[in-house]
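Enquirer: Take this structure first; my questions come after.
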Amino acid sequence: APGPFCPQTQESRPPAPPPSDPGVGTPAPSSLGTWHRATALSRRRGWGWTPGSQGGGAGGSNFTVLSVESKDSCPAPPSRPTPPTSHPGKDTVIVAKVNGKELQGKPTFKWIKGKWLELGSKSGARFTFKESHDPASNVRTLWGRGGMGARAGGCTGPASQKAYSASEKESDTAGGWRRQRETLTSSPRGGPACSPTLREVVEEENKKKKKDDDDLGIPPEVWELLKGAKKSEYERIAFQYGITDLRGMLKRLKKAKVEVKKSAAFTKKLDPAYQVDKGNKIKLVVEISDPDLPLKWFKNGQEIKPSSKYVFENVGKKRILTINKCTLADDAAYEVVVKDEKCFTELFVREPPVLIITPLEDQQVFVGDRVEMSVEVSEEGAQVMWMKDGVEMTREDSYKAQYRFKKDGKRHILIYSEVTLEDKGRYRVMTNGGQCEADLIVLQDIADLTVKASEQAEFKCEVSDEKVTGKWYKNGVEVRPSKRITISHIGRCLGSWFSVAAEPCFLAEPLEGIGRAQLPSLKLPRISALPPEPPKIHLDCSGKTSENAIVVVAGNKLRLDVSITGEPPPVATWLKEDQVFSATEGRVRIEQREGSSSFLIESAERGDEGRYTIKVTNPAGEDVASIFLRVVDVPDPPEAVRVTSVGEDWAVLVWEPPKYDGGQPLTGYLLERKKKGSQRWMKLNFEVFTELTYESTNMIEGVLYEMRVFAVNAIGVSQPSVNTKPFMPIAPTSEPQHLMVEDVTDTTTTLKWRPPDKIGAGGIDGYLVEYCVEGQRREVSGAVADEWIPANTEPVERCGFTVKNLPTGAKIVFRVVGVNIAGRSQPATLTQPVTIREIVEQPKIRLPRHLRETYVRKVGEHLNLVIPFQGKPRPQVVWTKGGAPVDASRVHVRTSDFDTVFFVREAARSDSGEYELGVQIENMKDTATIRIRVVEKAGPPEHVMVKEVWGTNALVEWQPPKDDGNSEITGYLVQKADKKTMEWFTVYEHNRHTCCTVSDLIMGNEYYFRVYSENFCGLSDLPGVSKNTARIVKTGITFKPFEYKEHDFRMAPKFLTPLPDRVVVAGYAAALNCAVRGHPKPKVVWMKNNMEIREDPKFLMTNYQGVLTLNIRRPSPFDAGTYSCRAVNELGEALAECKLEVRGEDARPALHPAFEPLRAPGGPCWAGLGSEPGRPSGL
């Protein structure tokens, strides 16, 4: 804020405290500042005072400066204004007094906020300034009020007699200190110039301070060395350079090394304040550390949306807000938010001075007349302030005083519907460029009077001048004073008293010798009872149409005050359309006051639009007035936003207008695009675009983009439309390569080609084939061109196509184009036309190599033979077996133009044999023979016998199986088993002979042998077992067994551990366990619901030394039931049963899947009988 200044030079200085006594040049110590006096009192030309840092609200300190300039001699210093302290949301009041005894005339005062913002243009909006003059003491009192609690700043009030000749302003970059200097002209009377200026005083103080800082005597290069050194090296450097004041050195280093904490989000913040002239544009620039951080702009706490007025730009790490065509509404506090960090600034819009073109005029009216006081200013929509007798007139007080304001272009009108005596006075209109005044004189007319008989009647009449005399008349006869009638003349008031009802009249006449005052005669009506007055609605709307219309922006508050007159007071009723509206509370309500009725809408909505009617009634009649309320809003988002075509670096976007335009014509559209997956939208236009089709350029080929559109009207910008489907800027492919004719018939032509050399990032969707009959041409745009007929409407993906339904014998030219999202490529055209005529070609079967030998398949497998052939025209294909047609019930044959398919779903042994394929065209024929053999496993070998035993060797012989499975026997598998254990062990594999010698047999044991046959399908299902055994005896040793009674170990089967009931979870393997004992070894059979479980891959049955286990793989609810285990031998049988319950996965216990609950006869316990899914279970 500016500091004290001198009349010749004025420059910003640090704030100084005021003096305790303005008449003494010595400043008094104070925490608020210092009062400066330029020089001796006789040479002093001005006074200045600046309070120090005081709480000025949320925004910072308030600085107030008041200066008084005089041409001849310095006036008495002004009284120091009280340093204000305001709170957010509260008003701040500054009062100062100026002693004008030494001033030549009335000075001009200017209030300035900060260093340069004149607050005169803000008068009536946020600030109110008043001035009063005490003629007795010749002291002028300045009074300023403003809502500075929310945005604190500096206020300056210089007063001068317009002695300025030029002004010169210097300002460094935005955000730094601003200096303002004003040069004043010398006094016309040649008064003495100002001696030592404040600039010189401050410079001397700075030099002295600098000298004190340099008293340490340390050279600058040593300071630089100390700044970069570690703390441990300070003492060494001080000793090296002879520094003795270590404490002073450390204190200065501490100050030098204090660094301002850098912002994590901002590398460059907004300047503290900006200024712009009304109608110009301004850019607010910040720089952020990460370009991907989201950033938002706010104005007075409300987020700013992009529009034609507010334009967002992203240039690297810079984020720029451009405000076009600034108005007074843009004078506000702005805020930038990045993550959790914020920075603030304040924009001041400097309005050009508003001049008064047509000033107010004095008016003289009577009580009850309609009065309109108008003034015309130079700017339309300018802010003016009306004052009456020095008191501001506001709209809030208009309903009390029964006046209202009206704007008609550049004219500002104050309207009184019925003026009263209280409304007379001195009226003033003030703008930031001037003011004008006028008097409103209200005269009291003679009013009707109703009195009772024998009561006194008093009539009064006011005239314009005290020197005017008048005469009273009754029924045309002059009234003379008497005992019953008294006539008085006090000032400008003439009075008369009567004791009976009459019809008096008053006529004013001028006094001779004093002057002539013209006043028309006034006639007093007959004294009678007052008749009722019909109600009347005094409604005025600023709509320019014939009907009353009011436009309100959605979300704004609307208050419609309607003045009502009538006797007796009328009753007001509001109607919306045809429905009576009477709510007195809520968002939409009615307020009734004496002489007026108000309709309020707190936050207007679209549904509030319609015609509103106010009806007032009393016994004398009624009056009706209608108002059409139109609610305007931002439009809805555009619809059907889509991309119609793309190119290598461009795309065409089309859309449809929104269904609702907000009640205002659309001014255009704003468009944005971004890469898919990114959160950063880039604006495509800064001025609104009025068309419905837009071509976006400078895009990267192969990158997916999304676009959206905003609709704009006079109210603002709509919400964004739905994003387009992701699209990719791509170019059409190059033309297909190597186009050639593959086949021609009487009505078709088959073409083939290769893909284009250049496909691009968009790929290729397919190919379109077109043909042109030679000789057929058509006129296109005034020129004759070939008529190309499309052969396919949908693109084909493969590089080949057959064009059908062609005219036989015609000569046709073909071409092929590639198609992708970017469009059609250049065509590939045949160099020579093709004659549509079929060429006879001899039939020929192209038998595949694997079918030239016997084709072997297993029983149950499918047979699928595809045999291509050639020939033109299409040959006739015949399949035969043994000279007879194939069985159509087993064999399915499908034939096309170039191959035939032989298919059998499940092959059987009966399908084996020789098949003959015949392809015939007229008398030309070609045949091929296909041999098919269907095989299966062979039967068991026969007559397995032990022919000879010697030593530890045995000779085993057998006969080949009767059924070889329609395949050659490739070998045999021989196994042996000890008679005691009957456990089989393999002796030979792939033995090709029908005999073998088994060696290394154990002496004293007796062996059985079995043989499996093997062919193309594998081992036979059943073996051939030897009828006799091979007993290996010890030579030379005879065993004589003891004679004792052999113990009988035989016993019937008995279950040692029964099967417990189980509850398992579906999908987790389960196991059923039990133990059985018996001799001979019992045969074990597992059953489910009394049905034997056979070779089912879902179940695995094991028997390990009498412990029986049934593993169930991934059980389902279908596997629940009663499971039983039966053990049988020659002495008897035993049976164990259990119940298995399978539950869903949601019933699984909250334990590891490897553990499942198991109930045992002795009580509940937990056993690891389950397992994880897919893992076999064990004990």
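Enquirer: Check off (1) open to solvent by 40 Å² or more (accessible area, probe 1.4 Å); (2) of a type outside the set (S, T, N, Q); (3) at pLDDT below 90; (4) within 30 Å of Asn698 (Cβ to Cβ) for Arg630 and give me the number that stays unchecked.
Expert: Tallying (1) open to solvent by 40 Å² or more (accessible area, probe 1.4 Å); (2) of a type outside the set (S, T, N, Q); (3) at pLDDT below 90; (4) within 30 Å of Asn698 (Cβ to Cβ), Arg630 fails exactly one: (4).
Enquirer: While we're here: Would you confirm whether any residue within segment 903-914 is closer than 17 Å to Glu1014 by Cβ and either surrounded by 15 or more Cβ atoms within 10 Å (Cβ to Cβ) or at pLDDT below 95 (or both)?
Expert: No, every residue in segment 903-914 fails to be closer than 17 Å to Glu1014 by Cβ and either surrounded by 15 or more Cβ atoms within 10 Å (Cβ to Cβ) or at pLDDT below 95 (or both).
Enquirer: Look at Lys937 and say whether it is outside any strand (DSSP E or B), buried (at least 16 other Cβ atoms within 10 Å of the Cβ) and charged (D, E, K, R).
Expert: Here the answer is yes, as Lys937 does meet what is asked.
Enquirer: Of a type in the set (Ser, Thr, Tyr) and either at pLDDT below 90 or over 20 Å from Leu1140 (Cβ atoms) (or both), is that true of Thr1038?
Expert: When the stated conditions are applied, Thr1038 passes them.
Enquirer: So, in segment 402-429, how many residues would count as being over 49 Å from the mean Cα position of the chain (by Cα), of a type in the set (Gly, Ala, Ser) and either farther than 16 Å from Leu539 by Cα or in a strand (DSSP E or B) (or both)?
Expert: Total satisfying the criteria: 1.
Enquirer: Just a yes or no: is a residue in segment 304-321 at pLDDT below 80 and either farther than 30 Å from Ser718 by Cα or not aliphatic (A, V, I, L, M) (or both)?
Expert: The answer is no, given that none of the residues of segment 304-321 is at pLDDT below 80 and either farther than 30 Å from Ser718 by Cα or not aliphatic (A, V, I, L, M) (or both).
Enquirer: Specify the residue that is nearest to Leu863 (Cα to Cα); the eligible residues are those in segment 877-897 that are within 60 Å of the chain's Cα centre (by Cα) and exposed (fewer than 15 other Cβ atoms within 10 Å of the Cβ).
Expert: Out of the qualifying residues, it is Arg894.
Enquirer: Sticking with this structure for a sec: Within segment 597-611, track down each residue that is assigned to a strand (DSSP E or B) and open to solvent by less than 10 Å² (accessible area, probe 1.4 Å).
Expert: Ser597, Ser598, Phe599, Leu600, Ile601, Gly610 - these are the residues of segment 597-611 that are assigned to a strand (DSSP E or B) and open to solvent by less than 10 Å² (accessible area, probe 1.4 Å).
Enquirer: Quick one: in segment 725-744, of everything that is of a type outside the set (A, V, I, L, M), within 24 Å of Gly760 (Cβ to Cβ) and over 22 Å from the mean Cα position of the chain (by Cα), which residue is most open to solvent (accessible area, probe 1.4 Å)?
Expert: The qualifying residue most open to solvent (accessible area, probe 1.4 Å) is His738.
Enquirer: Only one residue in Val773, Val803, Val722, Val709 is β-branched (Val, Ile, Thr), open to solvent by less than 30 Å² (accessible area, probe 1.4 Å) and under 30 Å from Glu639 (Cα atoms), so which one is that?
Expert: Checking each option against the conditions leaves just Val709.
Enquirer: Can you pull out the residues in segment 929-959 that are closer than 30 Å to Lys881 by Cα and in contact (Cβ under 8 Å) with a residue 60 or more places away in the chain?
Expert: Answer for segment 929-959, where residues must be closer than 30 Å to Lys881 by Cα and in contact (Cβ under 8 Å) with a residue 60 or more places away in the chain: Ile930, Arg931, Ile932, Arg933, Val934, Val935, Glu936, Lys937, Ala938, Gly939.
Enquirer: Something else: Restricting to segment 735-745, count the residues that are modelled with pLDDT under 90 and part of a loop (DSSP other than H, G, I, E, B).
Expert: 1
Enquirer: So Gln842 passes all but one of these: (1) open to solvent by less than 30 Å² (accessible area, probe 1.4 Å); (2) closer than 23 Å to Thr750 by Cβ. Which condition number does it fail?
Expert: Going through the list (1) open to solvent by less than 30 Å² (accessible area, probe 1.4 Å); (2) closer than 23 Å to Thr750 by Cβ, Gln842 breaks only (1).
Enquirer: Continuing with this model, one more query. For a quick check of your reading of the model, give me the residue pairs whose first member lies in segment 91-106 and is closer than 11 Å to Leu142 by Cβ and modelled with pLDDT of 70 or more, whose second is open to solvent by 40 Å² or more (accessible area, probe 1.4 Å) and hydrophobic (A, V, I, L, M, F, W, C), with beta-carbon atoms closer than 6 Å and at least 6 apart or on different chains.
Expert: Listed by first residue and then by second, the contacts come to Val95/Trp143.
Enquirer: While we're looking at this one, here's another question. Under 23 Å from Asn548 (Cβ atoms), part of a loop (DSSP other than H, G, I, E, B) and of a type in the set (Gly, Ala, Ser), is that true of Ser626?
Expert: Here the answer is no, as Ser626 does not meet what is asked.
Enquirer: Among (1) within 19 Å of Ser721 (Cβ to Cβ); (2) free of Cβ contacts under 8 Å to residues at least 60 places away in the same chain, where does Glu609 come up short?
Expert: (1)
Enquirer: Separate question: Could you check segment 977-999 and list, in sequence order, the residues that are open to solvent by 100 Å² or more (accessible area, probe 1.4 Å) and in contact with a Ser or Thr (Cβ under 9 Å, 6 or more places away or on another chain)?
Expert: Result: His990, Arg992.
Enquirer: Can you name every residue in segment 994-1034 that is of a type in the set (Gly, Ala, Ser) and modelled with pLDDT of 90 or more?
Expert: Ser999, Ser1013, Gly1018, Ser1020, Gly1024, Ser1026, Ala1030
Enquirer: Could you count how many residues in segment 970-982 are in contact with a strand residue (DSSP E or B) (Cβ under 6 Å, 6 or more places away or on another chain) and either polar (S, T, N, Q) or closer than 24 Å to Pro1082 by Cβ (or both)?
Expert: So the count comes out to 4.
Enquirer: Consider Ile1002 against the criteria (1) surrounded by 14 or more Cβ atoms within 10 Å (Cβ to Cβ); (2) touching a residue at least 40 places away in the same chain (Cβ under 8 Å); (3) not basic (Lys, Arg): it satisfies all of them except one. Which criterion is unmet?
Expert: That leaves (1) as the condition not met.
Enquirer: Of all residues in segment 869-884, how many are in contact with a strand residue (DSSP E or B) (Cβ under 7 Å, 6 or more places away or on another chain) and under 11 Å from Leu917 (Cα atoms)?
Expert: 7
Enquirer: Same structure again: Looking at segment 295-391, what strands (runs of 3 or more DSSP E) fall wholly within it and have at least 1 residues that are open to solvent by less than 30 Å² (accessible area, probe 1.4 Å)?
Expert: 295-299, 310-315, 318-323, 333-338, 341-350, 363-366, 371-377, 385-388
Enquirer: Taking Trp650 as the residue in question, decide whether it is aromatic (Phe, Trp, Tyr), touching a Pro at 6+ places or on another chain (Cβ under 7 Å) and surrounded by 14 or more Cβ atoms within 10 Å (Cβ to Cβ).
Expert: Criteria met by Trp650.
Enquirer: So which of Pro1041, Pro1058 ends up being over 17 Å from Leu1135 (Cβ atoms) and open to solvent by 60 Å² or more (accessible area, probe 1.4 Å)?
Expert: After ruling out the rest, the residue left standing is Pro1041.
Enquirer: Separate question: Working only within segment 251-281, note down all residues that are modelled with pLDDT of 85 or more, farther than 24 Å from Leu328 by Cα and not in a loop (DSSP other than H, G, I, E, B).
Expert: Phe266, Thr267, Lys268
Enquirer: While we're on this one: Which residues, taken from segment 401-431, are more than 17 Å from Met385 (Cα to Cα) and of a type in the set (Val, Ile, Thr)?
Expert: Correct list: Val419, Thr420.
Enquirer: In the list Pro658, Pro637, which residue meets the criterion of being in contact with a Pro (Cβ under 9 Å, 6 or more places away or on another chain), under 9 Å from Ala711 (Cβ atoms) and either of a type in the set (D, E, K, R) or open to solvent by 40 Å² or more (accessible area, probe 1.4 Å) (or both)?
Expert: After applying the criteria, what remains is Pro637.
Enquirer: Just name the residue that is modelled with the highest pLDDT out of those in segment 661-704 that are at positive phi and open to solvent by less than 60 Å² (accessible area, probe 1.4 Å).
Expert: Once the filter is applied, the top-ranked residue is Gly668.
Enquirer: Ok, one more. Is it the case that some residue within segment 1151-1159 is at pLDDT 90 or above, in a strand (DSSP E or B) and buried (at least 17 other Cβ atoms within 10 Å of the Cβ)?
Expert: Within segment 1151-1159, none of the residues are at pLDDT 90 or above, in a strand (DSSP E or B) and buried (at least 17 other Cβ atoms within 10 Å of the Cβ).
The values are calculated or read from the model by the stated rules, or taken from the named source; none is laboratory data. The shown structure was predicted, so the numbers you read here are calculated from the model rather than taken from an experiment. Neighbour counts are summed over all protein chains in view; Cβ atoms, including those assigned to glycine, are modelled from backbone coordinates with ideal geometry. Protein only, heavy atoms only, side chains kept; ligands, DNA and RNA dropped before computing areas. Shrake-Rupley method; radii C 1.70, N 1.55, O 1.52, S 1.80 Å.
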